[in-house]
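What follows is a short report on a single structure.
The values are calculated or read from the model by the stated rules, or taken from the named source; none is laboratory data. None of the values given here were measured: they were computed from a predicted structure. As a convention, Cβ positions derive from the backbone with ideal geometry for all residues, glycine included, and neighbour counts pool all protein chains shown. Please note that ligands, DNA and RNA were not included when accessible areas were found on the heavy atoms of the full protein model with its side chains. Shrake-Rupley method; radii C 1.70, N 1.55, O 1.52, S 1.80 Å.
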Amino acid sequence: MFNDTVAFAGQSGNGRQYVDGLELSDPDLFWDRDAILRWLQVRGSEQEQLFAAARSAREKVYGRRVVVRGLIEVTNLCRVNCQFCPMRRDNTKQNTIFQLTTEQILEVVAEIKAVGINVVFFQAGEVGKTTRLIGDVIPEIQARFGNPVELLLCLGNKTDTEFEFLKKQGATSYILKHETSDPDLNERMRESSFEERMRCLRTLVGLGFKVGTGAIVGLPGQSIESLANDLELARDLGAHMVSGSPFIPAPDTPLAGYPAGDVELTLNFIAIARLMNPSWLIPSVSALERRQGGGQLSGLAAGANVLTVNFTPPVEQEKYLIYGRDRYVVRNDHVTEIVRQAGLERAQSVFAA
């Protein structure tokens with residue numbers, strides 16, 4: 001456990017040059033804006049201290065548990081035209097479109113349940129049809145589990161009525177990443193309204209969902225100040241889950257030729273998030289592994305406490321081009337191994353009901 005006093009180069013907004021390690025998890029004492037900006041940029045021994053503090057904060061809340069989710073990618077059809085995503089609307093004609101049937105979904109759910117995972121995580125491109133497809137199958141999934149199960153959705157923007165329907169059907173939690181808190185950059189990158197995204201996030205919180213948001217680290221045109229805003233946005237929103245994912249320049253997108261996001265900066269983002277709110281669920285995402293071998297293990301070392309196993313049928317996985325055809329697909333044995341290497345243990349949902 002990290003207990004030493006951490007050197008702070010230059011005064012933070014609260015006037016301190018040194019911050020006691022026991023205060024790192026208290027945002028009123030330490031995580032003001034100047035501190036966030038400073039610690040986002042640390043490397044070397046200071047970064048090691050930051051990560052150690054994040055692990056200590058995680059352990060105080062979650063012990064040695066790493067929540068494991070079971071992912072089902074439902075469809076690669078999307079109505080949004082994000083510049084960073086190969087499944088963008090402009091690529092629809094050249095992509096091979098798929099949509100899982102109810103029968104396929106239930107077959108995959110059985111696989112997830114069989115390995116002891118009770119977080120069923122639905123992800124899809126943003127299209128209206130997923131509301132009814134997923135909403136209608138949720139009660140059957142609950143019945144088949146028989147035990148507490150978390151129904152986690154990541155289906156993009158919906159209307160208030162659609163969110164209400166999904167909640168009534170039994171959906172537990174919802175991830176809607178804001179991607180970047182810079183409104184102008186957000187609208188350039190997503191070609192969609194930032195304010196509408198925020199409206200959806202506020203609606204989800206108001207309806208009682210366990211809500212996740214997150215940022216892409218390293219988008220072209222993004223600033224360090226913007227990343228600090230991302231963390232403050234998640235805090236002020238009242239989110240329950242927060243992610244940081246390094247930008248992956250994917251083929252067949254307008255951003256294909258840009259440099260990838262910095263892994264070390266992403267890890268700092270994760271560690272600061274953990275210290276700002278030790279109760280957040282923070283994933284170590286597959287993009288970290290895609291960017292750097294051992295990247296997800298590094299995410300756990302920086303304070304993350306969630307891993308996601310991909311259970312999408314293999315023939316459809318090849319069509320879900322979230323980072324291109326050579327994305328890293330996380331398997332169950334990979335998760336088991338890196339959890340072991342981290343000295344942690346696999347765990348079930350903290351939100352299941």
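Assorted remarks:
- Tabulated pairs, the range 102-118, first in contact (Cβ under 8 Å) with a residue 60 or more places away in the chain, second assigned to a helix (DSSP H, G or I) and among the aliphatic types (A, V, I, L, M), C-beta under 9 angstrom, 6+ apart or interchain: Asn118/Ile112
- Lys113 passes every criterion in (1) at pLDDT 95 or above; (2) surrounded by fewer than 17 Cβ atoms within 10 Å (Cβ to Cβ) apart from (2).
- Here is the figure for the range 206-245: residues that are among the β-branched types (Val, Ile, Thr), under 17 Å from the mean Cα position of the chain (by Cα) and over 18 Å from Leu288 (Cα atoms) total 1.
- Extreme residue, surrounded by the most Cβ atoms within 10 Å (Cβ to Cβ), among residues of the range 46-97 that are under 30 Å from Gly343 (Cα atoms) and of a type in the set (Lys, Arg): Arg58
- Remark: pairs (first residue in the range 319-344, closer than 30 Å to Leu255 by Cα; second residue of a type in the set (Val, Ile, Thr) and surrounded by fewer than 18 Cβ atoms within 10 Å (Cβ to Cβ); Cβ separation under 8 Å; 6+ apart in sequence or on different chains) = Lys319/Thr96; Lys319/Ile97.
- Residues located in the range 296-318, provided they are in a loop (DSSP other than H, G, I, E, B), over 18 Å from Ile175 (Cβ atoms), open to solvent by 10 Å² or more (accessible area, probe 1.4 Å) and in contact (Cβ under 8 Å) with a residue 60 or more places away in the chain: Pro313
- Selection from the range 160-177 of residues that are polar (S, T, N, Q) and assigned to a helix (DSSP H, G or I): Thr161, Gln169
- Residues that are assigned to a loop (DSSP other than H, G, I, E, B) and open to solvent by 40 Å² or more (accessible area, probe 1.4 Å), drawn from the range 282-295: Gln292, Gly293
- Residue within the range 325-347 that is at pLDDT below 95, open to solvent by less than 30 Å² (accessible area, probe 1.4 Å) and among the β-branched types (Val, Ile, Thr) present: yes
- The range 179-281 holds helices (runs of 4 or more DSSP H) entirely within its bounds, and those carrying 3 or more residues that are within 25 Å of Met87 (Cβ to Cβ), out of contact with any His (no Cβ under 9 Å at 6 or more places or on another chain) and not acidic (Asp, Glu) map to 183-190, 194-206, 263-276.
- Count - residues of the range 320-332 that are of a type outside the set (Phe, Trp, Tyr) and in contact with a strand residue (DSSP E or B) (Cβ under 9 Å, 6 or more places away or on another chain): 5
- Residue that is modelled with the lowest pLDDT [pool: residues in the range 241-260 that are in contact with a helix residue (DSSP H, G or I) (Cβ under 7 Å, 6 or more places away or on another chain) and open to solvent by less than 20 Å² (accessible area, probe 1.4 Å)]: Ile248
- Among the candidates Leu133, Leu227, the residue that is modelled with pLDDT of 95 or more and crowded, with 21+ Cβ neighbours inside 10 Å is uniquely Leu227.
- Every residue from the range 264-275 that is in contact with a Pro (Cβ under 9 Å, 6 or more places away or on another chain) and open to solvent by 10 Å² or more (accessible area, probe 1.4 Å): Leu265
- Residues of the range 105-159 classified as of a type in the set (Val, Ile, Thr) and assigned to a strand (DSSP E or B), total: 2
- For the range 30-60, the set of residues classified as charged (D, E, K, R) and not in a helix (DSSP H, G or I) consists of Asp32, Arg43, listed by residue number.
- For the range 159-188, a tally of residues being open to solvent by 10 Å² or more (accessible area, probe 1.4 Å) and over 20 Å from Ile322 (Cα atoms) returns 15.
- Check on Gly238, at negative phi and at pLDDT 95 or above: no
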